[in-house]
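The values are calculated or read from the model by the stated rules, or taken from the named source; none is laboratory data. Because the structure is predicted, anything quoted here is derived from the model rather than measured. Using ideal geometry, Cβ is built from the backbone for each residue, glycine included, and neighbour counts are taken over all protein chains shown.
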C-alpha cells in the first residue's frame, strides 16, 4: 500500500531494563498491545532493536550473527501461545520435537537424537514417551500439545525459555498442571523462564519476579509478592482491581477499577498512563524514573519525597 501522508512511528518498547535470575521465573505482565511479545522477540533476536543492548551470559548479543546467533538461539528457546498452530499438524510428535535436535546436534547418531526426544517427552510428563512420539498432534489434547511445545523448547537444553501466554488457551485444570510443570523444570534444571502474560492470577502462582508493562514501558517491577501485595503504580492497582474474586459476598458487589475508561490518547511524552490515571498531576507530563520505593521499583511521581 502506498502512503503519501506523514509517517507516524510509535515505540513498541521504550527504555526497558531488567535482569533474569538463573533458575527463576520472571513474569512480564500487561494488557494486549503493551509490548510484551515485542520484547520477547527482541530477546530472541527475531527482530532487531533500534538501540540498547541485550546481555546474555555476560556477552552483548545485540548484533550477533552467523554461528554466534545460532548458538544463542540454541540456548534461548520459546513456547508460543497457541498449541494448535505452533506445531506442524502433519508431523509426528517425534519429528516435531526432534527438529531442533537435528539442527543443533548433527554430530549425534540418529539413535542418540531419538533418545533425546524421548527424554524430553518424559520430562514434560508425556508418557509412555515411545507411544506419544508416534502420534500426530490431532490425537492430543490442547494441554498435551502445549507439553509437546515445551518438550521441543527443552530438548536443546536451553538456559532460558520464553513462554508467551503458554496457558491462555487451555482450560483451568490444565493450566494448573502446565504451570506446575514450568515451576518443576525451572527448579530441576535451573532453567530461567520469562513468562509473558496478561493474567495476574497465574502470575502469582508461577512467578518469582515481575515487571508490569504499559504502552512499551515498565512501570513497576520487583519481587512478585512485594509488587502484588503492595502495588504502587496506579496501572498495577487497576490490573489487580480487574482480577475477579469469586467469593460469595462479591457476587452482587459493584466492581470498581481505579482508572479512566474510554478512547483516551496516549501522551507522546511524560507518563504514558497520564490520561487514564485518577491521580495524574501536572508534573506527570514529564517522564517519571523507575526508582526503588517501598521495597520495589516503581515509575510514578506519587512517591516522591
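Summary of values
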{"quantity": "Filter pass, residue 114 being surrounded by 12 or more Cβ atoms within 10 Å (Cβ to Cβ), without any contact (Cβ under 8 Å) to a residue 24 or more places away in the chain and farther than 17 Å from residue 151 by Cβ", "calculated": "no"}
{"quantity": "Filtered residues of the stretch 39-85 (kept if in a strand (DSSP E or B) and either crowded, with 17+ Cβ neighbours inside 10 Å or at positive phi (or both))", "calculated": "56, 76, 77, 78, 79"}
{"quantity": "Test: residue in the stretch 105-119 that is within 30 Å of residue 198 (Cα to Cα), in a helix (DSSP H, G or I), at pLDDT 95 or above and within 28 Å of the chain's Cα centre (by Cα)", "calculated": "no"}
{"quantity": "Enumeration of residues in the stretch 276-286 that are surrounded by fewer than 19 Cβ atoms within 10 Å (Cβ to Cβ) and either modelled with pLDDT of 95 or more or within 15 Å of residue 220 (Cβ to Cβ) (or both)", "calculated": "279"}
{"quantity": "The stretch 293-305: number of residues that are surrounded by fewer than 11 Cβ atoms within 10 Å (Cβ to Cβ) and at pLDDT 95 or above", "calculated": "0"}
{"quantity": "Residue 95 vs. criteria under 18 Å from residue 124 (Cβ atoms), in contact (Cβ under 8 Å) with a residue 12 or more places away in the chain and surrounded by fewer than 18 Cβ atoms within 10 Å (Cβ to Cβ)", "calculated": "no"}
{"quantity": "Count - residues of the stretch 165-182 that are without any contact (Cβ under 8 Å) to a residue 60 or more places away in the chain and either crowded, with 17+ Cβ neighbours inside 10 Å or under 12 Å from residue 199 (Cβ atoms) (or both)", "calculated": "7"}
